[in-house]
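**Q** After the structure tokens below, expect a handful of questions from me.
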Amino acid sequence: MNRKQLAEQSERYLRNLLKANLPPQTPVHLFGSRARRDGRWNSDFDLWIDAELDNATLNKISEAIEAYAKVGSRFITRRK
């Protein structure tokens, strides 16, 4: 598998993971090098999930990303 295929596979995995764990129609915004299409095959995904999510959902998504990518994930939230 080449680098482009690896990047595409990662994007598909992330898209499916978010679709399975977020409420329908939740706005998800990609920014950073992946959004600009100048990231490398191993660049991180910078996402803004525009929703109030409970800790259980955040943990489930985080654990799935870490298991798949073998890297840490970090969520920054702004809660009232």
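**Q** Quick check on my filter: what residues within region 20-66 are over 13 Å from the mean Cα position of the chain (by Cα), under 17 Å from S10 (Cα atoms) and hydrophobic (A, V, I, L, M, F, W, C)?
**A** Within region 20-66, just W41 meets the criteria.
**Q** Quick check on region 1-11: of everything there that is over 10 Å from the mean Cα position of the chain (by Cα) and either assigned to a helix (DSSP H, G or I) or in contact (Cβ under 8 Å) with a residue 12 or more places away in the chain (or both), which residue is nearest to E63 (Cα to Cα)?
**A** Top of the filtered list is Q9.
**Q** Restricting to region 53-80, what's the tally of residues that are among the charged types (D, E, K, R), in a loop (DSSP other than H, G, I, E, B) and modelled with pLDDT under 90?
**A** Within region 53-80, residues that are among the charged types (D, E, K, R), in a loop (DSSP other than H, G, I, E, B) and modelled with pLDDT under 90 number 5.
**Q** Now, a different point. Suppose the filter is more than 21 Å from K4 (Cβ to Cβ), of a type in the set (F, W, Y) and touching a helix residue (DSSP H, G or I) at 6+ places or on another chain (Cβ under 8 Å); does F75 pass it?
**A** yes
**Q** Now, a different point. Tell me yes or no: at least one residue of region 25-32 is of a type outside the set (D, E, K, R), within 25 Å of M1 (Cα to Cα), in contact (Cβ under 8 Å) with a residue 12 or more places away in the chain and not in a loop (DSSP other than H, G, I, E, B).
**A** yes
The values are calculated or read from the model by the stated rules, or taken from the named source; none is laboratory data. These numbers were taken from a predicted model, which means no experiment stands behind them. In this analysis, Cβ positions are derived from the backbone assuming ideal geometry, glycine residues included, and neighbour counts consider all displayed protein chains.
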